[in-house]
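Below: one structure, written as structure tokens.
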Amino acid sequence: MRALRDVAVLTGRNLMHIRREPLQLSDVTVQPVLFTLLFVYVFGSGVVLPGGGTYVEFAVAGLLALNLTTSSMGTAVGLSTDLNGGVIDRFRTLPMWKPSVLVGRSLADLLTAVLCSTIVAVTGYAIGWRPENGFVSMLAGFGVFLLFTYALCWACACLGILSKGPESAQGIGLVILFPLAMVSNALVPTQHMPAVLQTITEWNPVSAVTAAARDLFGNPNPSATIDAWPMQHPVVASLLWSVAILAVFAPLATLLYRRRTTD
Amino acid sequence: MASLPTGKDAVIEAHGLVKRFGETVALDGLSLAAPAGSILGVLGPNGAGKTTAVRVLTTLTIPDGGTARVAGHDVVRDPAAVQRAIGVTAQDATLDEVLTGRQNLTMIGRLGGLRRADAKARAKELLERFDLVDAGDRLLREYSGGMRRRLDLAAGLVTRPPVLFLDEPTTGLDPTSRVRMWGVIRELVADGATLLLTTQYLDEADELADRIVVVDHGRAIADGTAAELKAQTPGARLEVTLTQPNAGAPGALAPFVAGGVDLSHDGRRLRAPVTSGAGLATTVVRALDAAGIAVDDVQVHAPSLDDVFFALTGHASETLEAAA
């Protein structure tokens with residue numbers, strides 16, 4: 001009970017922060033709209049999908065992948081800001097459940113991801129994207145994304161704890177997360193990439209998650225013709241990836257946090 | 001050194017605390033104790049180990065050696081029990097910049113175990129008590145230094161803890177805010193709290209503390225009431241200002257003083273320690289007059305805590321250095 005309440009209090013606190021920090025807020029509101037329009041109208045005009053379909057139908061799942069993956073940097077930045085400020089010492093002298101600092105952060109970022117994906121979906125819908133497999137299947141598609149984002153938040157939490165400050169957390173986060181999102185099937189079909197890149201994209205968790213969502217949305221999924229196991233079983237692969245990332249990074253973040261806050 | 005109160009009596013007690021940070025020895029066998037319902041002043045210059053001591057006692061720092069108990073619980077073995085009994089006002093603001101004052105206090109109340117309605121009511125009450133009602137709904141980053149310190153103190157009081165730690169609560173405050181803060185601190189003890197207060201201001205320790213521990217280089221070098229500490233210094237100090245410099249003046253003063261006579265650069269001011277100040281001014285003026293030396297001013301100073309500090313540590317306190 002105690003732990004649940006502490007987590008709820010800190011989740012609320014972090015959401016309040018996001019509301020008040022214009023930069024963080026624009027990352028999950030303005031940026032998704034901008035990216036969606038830019039990619040669909042600028043890149044989309046030059047992309048021909050193997051197997052057919054329009055680019056906007058193909059792109060929405062990819063844009064979810066891009067926005068959600070990069071927005072998980074917020075976890076690293078937020079946690080690093082807390083750890084480098086005085087408020088963490090206040091938390092440490094209170095009789096609260098200590099890991100609630102991490103759990104509250106990850107839940108706030110998960111809720112932010114829900115907002116971000118809603119904005120991408122609404123923008124997509126406005127310019128012609130349609131989920132074709134029904135409501136439940138569409139929700140499952142979003143669920144796959146949100147689980148992956150939540151797992152990624154714990155990896156980013158480790159980065160935030162290890163980094164020297166919010167700026168360096170952001171810098172390092174960008175270098176890791178942008179390639180992770182881009183070297184995948186998210187925004188272009190992978191069939192014409194160089195062989196090495198093709199192998200990387202086939203095993204990139206972002207590709208599995210994106211392919212899974214495309215299947216669940218009933219959108220064009222050119223990766224379905226690729227032989228690699230994750231591309232043949234994208235839903236199972238993305239769930240496995242998410243669980244594996246969580247299983248490694250959630251305990252690691254807890255350990256690193258305890259080490260960082262012991263002196 | 002006076003004996004420490006121990007056993008059931010002490011609500012805050014530390015024995016032989018040691019803490020090293022790399023090569024630096026922050027605490028070097030520090031012992032202290034505060035009986036229930038009292039204010040213990042921990043007095044020392046910057047870098048003496050005061051903040052480290054507070055961090056150990058508030059479970060933030062694990063000591064390399066020694067033991068400490070707060071409200072009957074060991075700070076290392078049972079930090080959660082200690083945390084339930086304490087309120088902390090740290091030297092650096094430990095509040096959330098992006099929340100309002102009210103939200104900060106409510107959040108701390110909730111995390112401290114109050115129910116939502118109670119936490120809100122308590123926040124309102126504290127904002128009123130610390131004259132922050134108007135600023136209550138502004139973000140903390142818009143607060144002035146004085147407002148921030150008041151909110152920081154309020155934050156330590158949210159859960160009505162029986163034991164309070166205030167780390168340099170008036171550092172950086174203007175004189176008016178400082179005196180106001182003193183009033184607030186006195187009220188806390190009147191409410192029955194036990195309080196440990198660190199300060200580098202001797203007048204503050206003198207003003208507030210029931211007992212004072214003087215800390216230097218990570219250890220307690222003296223302990224007692226302000227009066228007891230003052231009684232440990234050799235005695236009073238004589239200061240004479242002459243109308244003209246006079247080479248015979250030190251010799252004329254010699255029979256009345258208890259040590260060497262210190263002469264100022266311009267040769268007009270003489271200072272010397274004395275054993276007793278009673279009737280001394282009259283005697284000194286007569287003797288100098290008899291030697292044909294004209295006197296502008298004679299002062300006999302009773303020992304201050306500054307003198308105590310100087311006598312104990314061999315170096316002046318911050319306030320003395322600032323005045324010099």
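Could you sort A:94-101, A:13-20, A:164-171 so that the peptide with the highest average Cβ count within 10 Å comes first and the rest follow in order? Walk me through the numbers before you get to the answer.
Values: A:94-101: 21.0, A:13-20: 18.9, A:164-171: 16.1.
Descending packing order for the listed peptides: A:94-101, A:13-20, A:164-171.
Can you pull the mean other chain C-beta count within 10 Å for peptide B:76-88?
Numbers: counts 0, 0, 0, 4, 4, 1, 2, 5, 2, 1, 3, 2, 5.
Average neighbour count from other chains, rounded to a whole number: 2.
With the helix formula -39500 (n - 2.57) applied to DSSP H stretches of n ≥ 4, the protein assembly as shown reaches a computed 222 nm mean residue ellipticity of -16500 deg cm²/dmol. Run the Debye formula on the Cα coordinates of the range B:236-302, all scatterers equal and no solvent, and tell me log10 I(q)/I(0) at q = 0.15, 0.18 1/Å. The Cα Debye sum returns log10 ratios of -0.37, -0.55.
Hey, got the average number of other protein chain Cβ atoms within 10 angstrom for residues in A:81-93?
That works out to 6 on average.
Membrane-span-like helices in chain A, defined purely by DSSP H runs whose alpha carbon atoms cover 20 Å or more axially and whose average Kyte-Doolittle hydropathy reaches -1.0, are A:2-20, A:55-71, A:100-126, A:135-162, A:166-182, A:234-260.
Computing Rg and the Kirkwood Rh from the Cα coordinates of the range A:41-82 gives a ratio, Rg/Rh, of 1.25. Size of the range B:7-231: Rg and Dmax of its alpha carbons, in Å, are 17.0, 52.
Considering every alpha-carbon pair of the range B:4-128, the percent of pairs per 10 Å bin, from zero through the bin containing the longest distance, is 12, 36, 31, 19, 2.
For each of B:Ser264, A:Ser163, A:Ser45, count neighbouring Cβ atoms within 10 Å of the residue's Cβ, then give the residues from fewest to most. Before the final figure, lay out the partial values.
Values: B:Ser264 13, A:Ser163 21, A:Ser45 8.
With the fewest neighbours first, B:Ser264, A:Ser163, A:Ser45 line up as A:Ser45, B:Ser264, A:Ser163.
Counting only Cβ charges, +1 for Lys and Arg and -1 for Asp and Glu, the dipole size of the protein assembly as shown around its Cα centre is about 1480 debye. Among A:Met193, A:Met138, a tally of other beta-carbon atoms within 10 Å of each Cβ gives an order, fewest to most, of A:Met193, A:Met138. Taken over the range A:174-215, the alpha-carbon convex hull comes to 69 cubic angstrom per residue. Bridge orientation summary for the protein assembly as shown: considering DSSP beta bridges with both residues in this region, about 65 percent are antiparallel. Considering all different alpha carbon pairs of the range A:2-260, the Kirkwood hydrodynamic radius works out to 18.7 Å. Its Cα centre serving as origin, chain B has a Cβ charge dipole (Lys and Arg +1, Asp and Glu -1) of approximately 1040 debye.
Compute the relative contact order of chain A as a whole-number percentage, counting only Cα pairs closer than 8 Å that sit 6 or more residues apart in sequence.
On the way: 369 pairs, mean separation 69.5, N = 263.
The normalised contact order for chain A reaches 26 percent.
Going highest first, how would you order B:266-273, A:103-110, A:71-78, A:30-37 by mean Cβ packing within 10 Å? It would help to have the intermediate numbers written out before the result.
On the way: B:266-273: 16.5, A:103-110: 23.5, A:71-78: 27.4, A:30-37: 18.4.
Ranking, from highest mean packing down: A:71-78, A:103-110, A:30-37, B:266-273.
Straight-line reach from B:Lys19: which aspartates and glutamates have a Cα under 17 Å away, not including same-chain ones fewer than 8 places off? Candidates past the 8-residue exclusion: A:Asp263, B:Asp28, B:Asp64, B:Asp74, B:Asp216.
Counting partner chain Cβ atoms within 10 Å of every residue's Cβ in B:96-102, what's the average? Please list the in-between numbers first.
On the way: counts 9, 6, 11, 5, 2, 0, 0.
The mean count of partner-chain Cβ atoms within 10 Å per residue comes to 5.
For the protein assembly as shown, the convex hull drawn through the C-alpha positions has a volume of 199 cubic angstrom per residue. For chain B, averaging the sequence separation of C-alpha pairs within contact (under 8 Å, six or more residues apart) and dividing by the residue count gives a relative contact order of 19 percent.
Taking the convex hull of the Cα atoms, report for the range A:221-263 its projected area averaged over all directions, in nm². Intermediate results must be reported in sequence, preceding the final value.
Working: hull surface 14.9 nm².
Average projection, Cα convex hull of the range A:221-263: 3.7 nm².
No value in this document is a laboratory result; all are computed from the given coordinates. The structure displayed is predicted, hence computed values, not measured ones. For neighbour counting, all protein chains shown are included, and Cβ atoms are generated from backbone atoms with ideal geometry for every residue, glycine included.
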